[in-house]
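Okay, so here's the structure we're looking at.
The values are calculated or read from the model by the stated rules, or taken from the named source; none is laboratory data. What you are looking at is a predicted structure, and each value in this text was computed from that prediction instead of being measured. FYI the Cβ positions are ideal-geometry reconstructions off the backbone, even for glycines, and counts take in every protein chain you see. We work out accessible area using only protein heavy atoms, side chains counted, and drop any ligands, DNA or RNA first. Shrake-Rupley method; radii C 1.70, N 1.55, O 1.52, S 1.80 Å.
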Amino acid sequence: MYYVPDGTQMCGYYECEECGNRFLSLTVRPQMVCPACGEQPDMEIGPDEPMPVIEETAKLLQVIQGEDEVEKMDTLISLAVTGGNEEWI
């Protein structure tokens, strides 16, 4: 699978409020940092720049349970990202 390892029994389905990215994660909690837009901030700042803040913009939409359900959701999201071309997965 693309987002989570094979055999995963439970995962969280998230959507980022900033970029709209939807993804699965083994971490299940109400909010988390988006892997697309919440990457490590640049800590090389100048004297007049504020310290970057890492925000948890991805909100939990659903908890997916069961190996078959997780695999189905992973496939659906992967196909949505690729536009139906699953050869690269």
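General observations
- The modelled label-to-label distance for the pair L60/K72, using points 7 Å beyond Cα in the direction of Cβ, is 2.1 nm.
- Here the accessible area of the chain is 49 percent carbon and sulfur, with a 1.4 angstrom probe and all protein chains present.
- Net length available on complete extension from T82 to E49 is 8.1 nm, with 0.36 nm assigned per residue and the Cα-Cα distance removed.
- Scattering curve values for the chain, log₁₀ I(q)/I(0), Debye with Cα scatterers, q = 0.12, 0.13 Å⁻¹: -0.44, -0.50
- Surface per residue (accessible, 1.4 Å probe) for the chain, Å²: 69
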